[in-house]
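Visitor: Sending over a structure as structure tokens; questions will come in a sec.
Only the coordinates and a few stated rules stand behind these numbers; no lab work does. Since we're looking at a predicted model, the values are computed, not measured. FYI the Cβ positions are ideal-geometry reconstructions off the backbone, even for glycines, and counts take in every protein chain you see.
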Amino acid sequence: MTGVILAGGKNTRIGGKCKAFIQLNDTSIISTTISTLEQIFNKIIIVTNNPSDFTAFKSKYSIITDNIKDIGPLGGIHSSLYYCSSEAIFVVPCDMPYLNRELIEKQIEFYNKSDCDALIPRIGTSIEPLHAIYKKTINNRLQSFIKKTRDYSIREFLKLINVQYMDMKGNKSNRKAFTNINTIGDIERIILEQPPR
């Protein structure tokens, strides 16, 4: 399995700043993300439409761009499945500052025991398709879906494949692991939550 970091968003709600490089406790989110994924995966792919921003990482990791532009996270998933040599990918966005290694490992264990195209965590009715595992063999179906639709919704695509949901308790720890940054307010709130060094 290959670890994939999606870093291709336009970030309009935070003034266009690439969320991967937001500093929390003097460390960028992408550095923290890579540090977590390195403990689990031998191969890591960073998907970005601004590869020049990530030159510092290209000696160790694969930096790729979307084969099909401007279709959101589905484009990053599609390109990752196309380029990776693994049987599956674990996908995470570049703006989740509290990734939990144990949770990811539980997902992998759950996936390995399942016969599914995708493994997605779920708390109640809330799903996390961008903290999920996707099998490489779905890529032809994904490409066909992209060509036929104008609604590039991951949730719509999931209706076409065999998805297994990993139900999780809605406790503070699990919800924190899925926290992501969408606005300046989110950044300010997370900074306030950081313990002093």
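Visitor: Distance from the Cα centre of the range 30-68 to that of the range 130-170, in angstrom?
Guide: The distance from the Cα centre of the range 30-68 to that of the range 130-170 comes to 22 Å.
Visitor: Between Lys69 and Asn171, what FRET efficiency follows from the Cβ-Cβ distance if R0 is 35 Å, with the result rounded to 0.05?
Guide: Values: r = 39 Å, r/R0 = 1.10.
Calculated transfer efficiency: 0.35.
Visitor: What net charge is computed for the residues neighbouring Gly124, neighbours being all others with C-beta under 14 Å from the C-beta of Gly124, Lys and Arg scored +1, Asp and Glu -1?
Guide: On the way: positive: Arg122, Lys169, Arg175; negative: Glu128, Asp167.
Here the count lands on +1.
Visitor: Give, in nm to one decimal, the length gained when the segment between Asn42 and Tyr152 is fully stretched (0.36 nm per residue of separation minus the Cα-Cα distance). Walk me through the numbers on the way to the answer.
Guide: Working: separation 110, 0.36 × 110 = 39.60 nm, distance 3.01 nm.
Net length gain for the segment: 36.6 nm.
Visitor: For the range 2-193, calculate the relative contact order in percent as a whole number, restricting contacts to Cα pairs under 8 Å that are 6 or more residues apart.
Guide: Relative contact order for the range 2-193 comes out at 24 percent.
Visitor: With a cut-off of at most 16 other beta carbons within 10 Å, and DSSP calling the residue loop, which chymotrypsin sites (Phe, Trp or Tyr not before Pro) in the range 28-91 qualify? Please list them.
Guide: Values: sites: Phe41, Phe54, Phe57, Tyr61, Tyr82, Tyr83, Phe90; in loops: Phe41, Tyr61.
Within the range 28-91, no chymotrypsin sites (Phe, Trp or Tyr not before Pro) qualify (loop, at most 16 other Cβ atoms within 10 Å).
Visitor: What would the Debye formula give as log10 I(q)/I(0) at q = 0.08, 0.09, 0.15 Å⁻¹ for the alpha-carbon point model of the range 2-193, no solvent?
Guide: Result of the Debye calculation: -0.24, -0.31, -0.91.
Visitor: Any aspartates and glutamates with Cα under 14 Å of the Lys169 Cα? List them, leaving off those in the same chain fewer than 8 positions away.
Guide: Lys169 reaches Glu128.
Visitor: Using +1 on the beta carbon of Lys and Arg, -1 on that of Asp and Glu, and nothing else charged, what's the dipole of the chain about the Cα centre, debye to 20?
Guide: Working: 26 positive and 19 negative charges, 55 e Å.
That gives the chain a dipole magnitude of about 260 debye.
Visitor: What is the Rg over Rh value, at two decimals, for the range 27-111, using alpha-carbon atoms and the Kirkwood definition of Rh? Numbers along the way, then the final one.
Guide: Numbers: Rg = 12.8 Å, Rh = 13.7 Å.
Expressed as Rg/Rh, it is 0.94.
Visitor: Fully extended, how many nm does the chain gain between Lys106 and Gln143 (0.36 nm per residue separation, minus their Cα-Cα distance)?
Guide: My answer for the length gained is 10.4 nm.
Visitor: For the range 53-129, which trypsin sites (Lys or Arg not before Pro) pass both filters: DSSP loop (anything but H, G, I, E, B) and at most 15 other C-beta atoms within 10 Å?
Guide: Values: sites: Lys58, Lys60, Lys69, Arg101, Lys106, Lys113, Arg122; in loops: Lys58, Lys60, Lys69, Lys113.
The qualifying sites are Lys58, Lys60, Lys69, Lys113.
Visitor: Can you give the net charge of the other residues whose Cβ lies under 13 Å from the Cβ of Lys135, counting K and R as +1 and D and E as -1? Could the numbers behind the result be given before it?
Guide: On the way: positive: Lys136, Arg141; negative: Glu87, Asp115, Asp117.
Charge balance near Lys135 sits at -1.
Visitor: Running a GNM on the chain with Cα contacts under 10 Å, which residue among Leu119, Leu24, Leu37 ends up with the highest mean-square fluctuation?
Guide: Fluctuation is largest for Leu24.
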